[in-house]
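Okay, structure first, notes after.
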Amino acid sequence: FRGSLTHNLYVESLVLTSATFVAAMTNLTPALTFIMAIILRMERLAIGTDAGKAKVLGTILSIGGAMIFTFYKGIGINVWTTNINLLHHHAMTTSKQTSAKEALGALLGVGSGVSIAIWMIIQAKLSKVYPPYSATALTSICASIQSVAYAMCTEEWAAWKLGWNIRLLTVVYTGVIGSGLMIALMAWVARMRGALFISSFYPLLLIIVAIVGSLMLDELLHLGSILGAVFIILGLYSVLWGKGKETMEATQLNPLKSSKDSELRDVTVQG
């Protein structure tokens, strides 16, 4: 889920839409994780409490923001112009073709979010009984085998050729940072703080990608994109606030268990 499926869906969505759009879809992960955790009884809905209401409201806001981002563009907002476009897109396509590609890209982006949400839930359970770094190594090996098999069936042989250019840099960076380092850090955080905590930093990704995309890829921001991103971020922090409040209340009700958990975390870190 986290290795081959997430990456392939993510990159294909990136091809059909834009870097900013895919980064926004990534922020759906907390809402998707919360829904799956409820279904699997790993989280309590507790709609009668403030924490439960915040998590439900956050989920609705996130999904609503994703729909606005996908189906509503609005007026274009040109913040700055650098006349730099690393993609050098010159091919013209019809609006009908563009809409169809963006719709398919949106579905693939959501699919990538679902995949990583499933992985987070599995990782939260797995990391309690299995070392996260060994799990990262096994994940990368399995992902390599699956991706090679998939690429051999879908790509031409010329796509495997790498030179001293951006393609080689992309492969190395994605493998070392995007897969190896990032998966290991996320597995470690999931073990220490839980799956939802990881998602608290996802809005930072959207902000950075939106800025760099407009500077280096000549992406034009739209009103719908900004509104959708705002709703997604509000929904994200609503879910995280509810989760934090729920954890605080549980700690107050059972301080002994919280103390033991804290000691266990300290021993784990020292180890």
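The values are calculated or read from the model by the stated rules, or taken from the named source; none is laboratory data. Nothing here was measured: the structure is a model prediction, and the numbers come from that model. Cβ placement follows ideal geometry from the backbone for every residue including glycine, while neighbour counts extend to all protein chains displayed.
Only one of V176, V129 is over 30 Å from I63 (Cβ atoms) and outside any helix (DSSP H, G or I). Can you tell me which?
On the way: V176 fails: outside any helix (DSSP H, G or I).
Going through V176, V129 in turn, the sole match is V129.
Can you spot a residue in region 71-79 that is surrounded by 22 or more Cβ atoms within 10 Å (Cβ to Cβ) and either of a type in the set (S, T, Y) or more than 17 Å from the chain's Cα centre (by Cα) (or both)?
The initial filter retains those residues of region 71-79 that are surrounded by 22 or more Cβ atoms within 10 Å (Cβ to Cβ), namely none.
Checking region 71-79: not a single residue is surrounded by 22 or more Cβ atoms within 10 Å (Cβ to Cβ) and either of a type in the set (S, T, Y) or more than 17 Å from the chain's Cα centre (by Cα) (or both).
Kindly indicate whether any position in region 148-160 is of a type in the set (S, T, Y), in a helix (DSSP H, G or I), within 21 Å of the chain's Cα centre (by Cα) and surrounded by 11 or more Cβ atoms within 10 Å (Cβ to Cβ). Walk me through how you get there before you give the answer.
Let us first name the residues in region 148-160 that are of a type in the set (S, T, Y), namely 150, 154.
With in a helix (DSSP H, G or I) added as a condition, the list becomes 150, 154.
From what is left, the residues that are within 21 Å of the chain's Cα centre (by Cα) are none.
Within region 148-160, none of the residues are of a type in the set (S, T, Y), in a helix (DSSP H, G or I), within 21 Å of the chain's Cα centre (by Cα) and surrounded by 11 or more Cβ atoms within 10 Å (Cβ to Cβ).
Kindly indicate whether A117 is surrounded by 10 or more Cβ atoms within 10 Å (Cβ to Cβ), aliphatic (A, V, I, L, M), under 27 Å from S62 (Cα atoms) and in contact (Cβ under 8 Å) with a residue 40 or more places away in the chain. Can you show your working first?
On the way: surrounded by 10 or more Cβ atoms within 10 Å (Cβ to Cβ): yes; aliphatic (A, V, I, L, M): yes; under 27 Å from S62 (Cα atoms): yes; in contact (Cβ under 8 Å) with a residue 40 or more places away in the chain: yes.
Taking the combined requirement at face value, the residue satisfies it.
S127 - would you say it is in contact (Cβ under 8 Å) with a residue 60 or more places away in the chain, buried (at least 18 other Cβ atoms within 10 Å of the Cβ), more than 19 Å from the chain's Cα centre (by Cα) and closer than 25 Å to I38 by Cα? Walk me through it before giving the result.
Values: in contact (Cβ under 8 Å) with a residue 60 or more places away in the chain: yes; buried (at least 18 other Cβ atoms within 10 Å of the Cβ): yes; more than 19 Å from the chain's Cα centre (by Cα): yes; closer than 25 Å to I38 by Cα: yes.
Judged against the criteria, S127 is a match.
(1) more than 24 Å from N8 (Cα to Cα); (2) hydrophobic (A, V, I, L, M, F, W, C); (3) touching a Phe, Trp or Tyr at 6+ places or on another chain (Cβ under 9 Å): which one isn't true of W188, the others all being true?
Unmet condition: (1).
Does region 220-271 hold any residues that are of a type in the set (S, T, Y) and either touching a Pro at 6+ places or on another chain (Cβ under 9 Å) or modelled with pLDDT of 50 or more (or both), and which are they? It would help to see each step written out before you state the result.
So the first thing to find is which residues in region 220-271 are of a type in the set (S, T, Y), and the list is 225, 237-238, 247, 251, 258-259, 262, 268.
Residues satisfying the conditions are S225, Y237, S238, T247, T251.
Just the residues that are modelled with pLDDT of 80 or more and assigned to a helix (DSSP H, G or I), please, taken from region 64-101.
Within region 64-101, G64, G65, I68, K101 qualify.
Please state which of the following conditions E246 fails to meet, knowing it meets all the rest: (1) surrounded by fewer than 17 Cβ atoms within 10 Å (Cβ to Cβ); (2) charged (D, E, K, R); (3) assigned to a helix (DSSP H, G or I).
Failing condition for E246: (1).
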